[in-house]
C-alpha cells in the first residue's frame, strides 16, 4: 500500500491553526541553556515537552543530569520491527543583541510565510515537525509497528556535559536500529538533502596582559607595549598568505573524503546568490579548496570576539592592561579538540614577546562525525524526500557541530541519518531567527512518509 499523501496534506491543512498555536507555546519558553539565570525556563520547557509527548500516547520520562534534563519518549512497536531514535534539543541560543530583533524573540509571530522567534529553526521548529508528524500518524492511522524513541536534550547550545552523563547511563534504553538527527539544513526550500557529516569544534579564550591596570596613553605611550597591539599581531599570524592555518601540525591526521565519496556530494556554490542573500563582499579563500569544501570538509580557525581597553561612547585615551579574544576551531575527522587547543596555545606562547603574559582558557570541544553513506536508512529517507519535494535528494555536509551525536551514534549502534528542514538563511543564532512555513510542512510530510515506509519493511 502506498503512502496516502493527500490524507496527510488534508490533515495538516485542517489542523494548521492548532499546529501553529502549539508551536508558539513551545517557542515562548526562554530555554537558554548557556545562562544559568534561565534554568527554570529550561525546566518548564522540558515539563511542557513531557506533557505533549503524553498527549501523543508516548511513554514520557525526564532523565535528570548534573545539568539540564533529557526528555525521553517511547512508543513500543511490534516485536521484530525496526526501532528508531529521533534526536532533538529544546534549548536555544541567547537572544542578544535584543535591539536588532524586529519583534520580541520569545513572543513568536507569523510574518510573510515565516515563524519568527528564537529557536524557531534551531531546534524547536525541527523538533515540533517530528512531534506533529507523530500526532498526525496517531490520529490517522494509529500506532505504527515501530519502536519509536525520542531523545530531546537541553544542553546542545552549552556543551552538553550533563547530557553526556545521561547518555552514558542510559545506553541500553537508547539502542536502536536507526538514529535520525533532525538538526540540519536543506539545500533550499525546493531541494532536499541528507547530511553526510559535520565538523567538530574547539572553543577557547586568550588573555594578553602587560600591566596591573590601564595606563594613560600620553604618560605611558611609547614606553609600554600595548596588549591590543600584541594580541592583534599574534592572531594575524594564525594564517599564512594562502589562507591555510599556520599552526604547526594543525592538519596532522585530517581524514579526506575518498574520490568515490566526493562524487556523491553536491559541492556547488553560487557566490553571487550568497553575496546577495548575506550582504557579503569578500570571501575567505583557502588555496586548493573550493569555498564549499573549505566550509564542509576542511578545518578552520575563527575569531569570535576581540576586545581590550575602552569601547564605550566617545573616547578614552588608555593603554589597556589586558586584551582578550575568543577563538573557535571547526575540526574534521582525525583531529582532537584538546590536542588542537594545546597546539594553538603553544603557537601563540612561542610568538609572544618577552614579558607579555598570555593566559589560555579551554571552554569545550567535540569531535567531528562522518556518517556511512548510502545505507538502508539514508536510502529510505532519500526516497521519502524525493516523493515530497519532487527533486533528487542530494548529499551535503554541515560546517557546524552537533556535539552529542557521535556519542549517541555509538550508544544506538545503528545506522545514522543526519538531516533537517531549516535553511542557512534562517538567521540561526542571530537576531530575527525564523523558520519558513513551507519547509515546516514539507518536513512534516517527509517524516510521515518516512515512518510509513519504514513500517512497511520486513524484519
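Quick look at the numbers
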read-out: Residue 418, sole failed condition from (1) under 16 Å from residue 194 (Cβ atoms); (2) part of a strand (DSSP E or B); (3) at pLDDT below 90; value: (3)
read-out: Residues (farther than 16 Å from residue 88 by Cβ, surrounded by fewer than 22 Cβ atoms within 10 Å (Cβ to Cβ) and touching a residue at least 60 places away in the same chain (Cβ under 8 Å)) located in the stretch 20-54; value: 20, 24, 28, 30, 34
read-out: Boolean, residue 399 is buried (at least 19 other Cβ atoms within 10 Å of the Cβ) and either under 30 Å from residue 143 (Cα atoms) or touching a helix residue (DSSP H, G or I) at 6+ places or on another chain (Cβ under 6 Å) (or both); value: no
read-out: Residue list for the stretch 14-31, filter: closer than 13 Å to residue 128 by Cα and in a loop (DSSP other than H, G, I, E, B); value: none
read-out: Residue check for residue 206: part of a strand (DSSP E or B) and either free of Cβ contacts under 8 Å to residues at least 12 places away in the same chain or not assigned by TED's automatic domain parsing to the domain that holds residue 361 (or both); value: no
read-out: Whichever residue in the stretch 233-248 is over 29 Å from the mean Cα position of the chain (by Cα) and part of a helix (DSSP H, G or I) and, among such residues, is surrounded by the fewest Cβ atoms within 10 Å (Cβ to Cβ); value: 233
read-out: The stretch 88-109: number of residues that are in contact with a strand residue (DSSP E or B) (Cβ under 8 Å, 6 or more places away or on another chain), within 14 Å of residue 25 (Cα to Cα) and surrounded by fewer than 23 Cβ atoms within 10 Å (Cβ to Cβ); value: 1
read-out: Residue 425 being in a strand (DSSP E or B), more than 12 Å from residue 180 (Cβ to Cβ) and touching a residue at least 40 places away in the same chain (Cβ under 8 Å); value: no
read-out: In the stretch 130-146, residue surrounded by the fewest Cβ atoms within 10 Å (Cβ to Cβ) [restricted to those that are within 16 Å of residue 85 (Cβ to Cβ) and modelled with pLDDT of 95 or more]; value: 130
read-out: Complete set of residues in the stretch 249-277 that are in contact with a strand residue (DSSP E or B) (Cβ under 8 Å, 6 or more places away or on another chain) and assigned to a helix (DSSP H, G or I); value: 261, 264
read-out: Which numbered condition residue 277 misses (of (1) more than 29 Å from residue 334 (Cβ to Cβ); (2) within 22 Å of the chain's Cα centre (by Cα); (3) modelled with pLDDT of 95 or more); value: (3)
read-out: Selected residue (criterion: farthest from residue 371 (Cα to Cα)) from residues of the stretch 264-282 that are surrounded by 12 or more Cβ atoms within 10 Å (Cβ to Cβ) and in contact with a helix residue (DSSP H, G or I) (Cβ under 7 Å, 6 or more places away or on another chain); value: 269
read-out: Verdict on residue 261 being surrounded by 15 or more Cβ atoms within 10 Å (Cβ to Cβ) and either in contact with a helix residue (DSSP H, G or I) (Cβ under 6 Å, 6 or more places away or on another chain) or farther than 30 Å from residue 322 by Cα (or both); value: yes
read-out: Residues within the stretch 335-382 that are in contact (Cβ under 8 Å) with a residue 24 or more places away in the chain and not in a loop (DSSP other than H, G, I, E, B), tallied; value: 28
read-out: From 315, 347, 363, residue being farther than 20 Å from residue 212 by Cα and either touching a strand residue (DSSP E or B) at 6+ places or on another chain (Cβ under 6 Å) or not assigned by TED's automatic domain parsing to the domain that holds residue 226 (or both); value: 363
read-out: When residues of the stretch 318-336 are limited to those that are surrounded by fewer than 21 Cβ atoms within 10 Å (Cβ to Cβ) and out of contact with any helix residue (DSSP H, G or I) (no Cβ under 9 Å at 6 or more places or on another chain), the one nearest to residue 257 (Cα to Cα); value: 333
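Here is a yes/no grid of residues against (1) surrounded by fewer than 22 Cβ atoms within 10 Å (Cβ to Cβ); (2) under 15 Å from the mean Cα position of the chain (by Cα); (3) modelled with pLDDT under 95:
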site	(1), (2), (3)
363	yes, no, yes
403	no, yes, yes
407	yes, no, yes
410	yes, no, yes
424	yes, yes, yes
427	yes, yes, no
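The values are calculated or read from the model by the stated rules, or taken from the named source; none is laboratory data. Please read these numbers as outputs of a predicted model, since none were measured by experiment. Neighbour counts run over all protein chains shown; Cβ positions are idealised from the backbone, glycine included.
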